[in-house]
1. For region 151-271, what size does the Cα cloud have along each of its three principal axes, sorted from largest down, in whole Å?
2. Note down the net charge around residue 145, summing +1 for each Lys or Arg and -1 for each Asp or Glu among other residues with Cβ under 12 Å from its Cβ.
3. Using DSSP H assignments, which helices in the chain have an axial alpha-carbon span of 20 Å or above and a mean Kyte-Doolittle hydropathy of -1.0 or higher?
4. Grab the beta carbon distance between residue 3 and residue 106, set R0 = 25 Å, and tell me the FRET efficiency rounded to 0.05.
5. Please state the shape class of region 101-346: rounded when a/c is under 1.5, otherwise prolate if a/b exceeds b/c and oblate if not, all from the C-alpha gyration tensor.
6. What is the Rg over Rh value, at two decimals, for region 417-466, using alpha-carbon atoms and the Kirkwood definition of Rh?
7. Counting other beta carbons within 10 Å of each residue's own, what order do 68, 465 fall into, fewest first?
8. For the chain, calculate the relative contact order in percent as a whole number, restricting contacts to Cα pairs under 8 Å that are 6 or more residues apart.
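Bear in mind these aren't lab numbers, they're just calculated from the coordinates by the rules spelled out. Treat the numbers as computed from the prediction; the structure is a model and nothing was measured. Every residue, glycine among them, receives a Cβ derived from its backbone with ideal geometry; neighbour counts consider all protein chains shown.
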Amino acid sequence: MNWDEFGSWGRRVSDWAQDYHLTVGDRPVRAQTRPGDILNALPAAPPNTPEDMEEVFRDFEDIVMPGITHWQHPRFFAYFNSNAAAPSVLAEFLVSAIAPQCMLWQTSPAATELETRMMDWLRQSLDLPDGFAGVIQDSASSATLAAVLTMREKALNWTGNSAGLTGRAQLRVYCSDEVHTSVDRAIWVSGIGQDNLVRIPIKGDWRGMDPEALDAAIRADKAAGLTPAGVILCVGGTGTGATDPVDACLDVAARHGLFTHVDAAWAGSAMICPEFRHYWPGIERADSIVFNPHKWLGVQFDCSAHFLRTPQDLVRTLAIQPEYLKTHGHDGIINYSEWSVPLGRRFRALKIWFLLRAYGLEGLRNRLRNHIAWSVALHDQLAATPGFEIVTPPMWSLFTFRYVPGGTVDPDDLNLRLVNTINDDGRIYLTQTRVDGDLVIRFQAGQFETTEEDVMMAYDVITEIAAVLK
Ligand SMILES: *Cc1c(COP(=O)(O)O)cnc(C)c1O
């Protein structure tokens, strides 16, 4: 296939994409294939001679599409949504056509400068103070790793990268049990070690870290000759939306001079609405904050916004400048590859620009507010339905529940069967989590095209299937 044929295929692909998005609600949300189905339908060896695009495209529809779980389905209520609003998909199409590698300012000045501007637009959208500077990371996991490496270097007075960790007092990092597993992995990869990730007990409806227990843990570690390095907070944890008391925890961290990172990968998008900012009072004092515009905000995956109060600390931790990466003769330019672990960078700012301009903040706020209102309405209905109990209350659009009709012997088994049967049915898609050891079902709404009817259909499907479970 040559570029002179690209236009006709490109038109066909964009028509296909439009039709897909307009009709995806008719498909089962979760793929209904068995393990190996797709693998076995694929030839074991690569083709030796060119094949017709027509055949490739047909196999894409016949072999690949049945094995897709439809993340853009309006009744995808599992995990957290990973939205792909139409304007951001268009931007990605353009980016994949021009395919720049944006590691340095000079390898595409427009990518760097648009990124600077877009991160500042997002900063303003969240009402963070103008001292914060942002960078787009490929994932929240990468942002958290970069933050942990920064807290490690600061705690070691910038000698960890050169001298390693051997023969020093153990570094200690503090968080609750509700943080995402990306925190554990950042601790492993940074060499700090799981045993030095200190879990602080939680309390209250928000399932947030107890600041007094945090303070006590840091004091005990100091007394034992260990080296506290930083505190990782969550605002909108993955399981139940757990949210630490940001103000009080940042107070404790400041008292001990510790670096702080806030993981708001999902809930950060909601902070474009002023009425939700009470969930992170004092956030302007955090050192590092991550949220994923590729989740709730509608930017096509992947796009993670990482804000830093003192970006020099991050750059000091991660920048390497061999001669061939230097940009001579330009002062004051930013090379964003110095702000992240990977060197190569995609042009991700374009899709933020397209999205924000196509919807405006008000258009995005309306969507999020609807998702939350509809989710709360569903919560109210389930709470009033005999046999169902709410386990954790709505945090934004996320709540958890269980089905425990009278005489239930093994509620974990019943709820696991309920969620599996619902997902086999295909009309909606839910996932489970554990709360204080119990298996519970999560519900969250956040798909861009979801409607009130879609959310309310979840009530019908859940209660209808529960009623026939033995
Ligand atoms: C989704 C999520 C992550 C991980 O995000 P990636 O971008 O996939 O690395 C981390 N923390 C929280 C709270 C999340 O919801």
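1. So the three principal-axis extents are 41, 26, 22 Å.
2. Working: positive: 152, 185; negative: 138, 184, 263.
Once positives and negatives cancel, what remains is -1.
3. On the way: long enough: 6-23 (25 Å, -0.91); 109-125 (24 Å, -0.75); 140-155 (22 Å, 0.49); 349-383 (43 Å, 0.14); 411-425 (21 Å, -0.75); 452-468 (25 Å, 0.66).
Flagged H segments are 6-23, 109-125, 140-155, 349-383, 411-425, 452-468.
4. Details: r = 26 Å, r/R0 = 1.06.
FRET efficiency, residue 3 to residue 106: 0.40.
5. Values: a/c = 2.01, a/b = 1.22, b/c = 1.64.
The shape class here is oblate.
6. Working: Rg = 11.5 Å, Rh = 11.7 Å.
Taking Rh as the inverse mean 1/r over Cα pairs, Rg/Rh reads 0.98.
7. Numbers: 68 16, 465 19.
Lowest to highest Cβ neighbour count: 68, 465.
8. Numbers: 820 pairs, mean separation 101.7, N = 470.
Reported as a whole number, the value is 22 percent.
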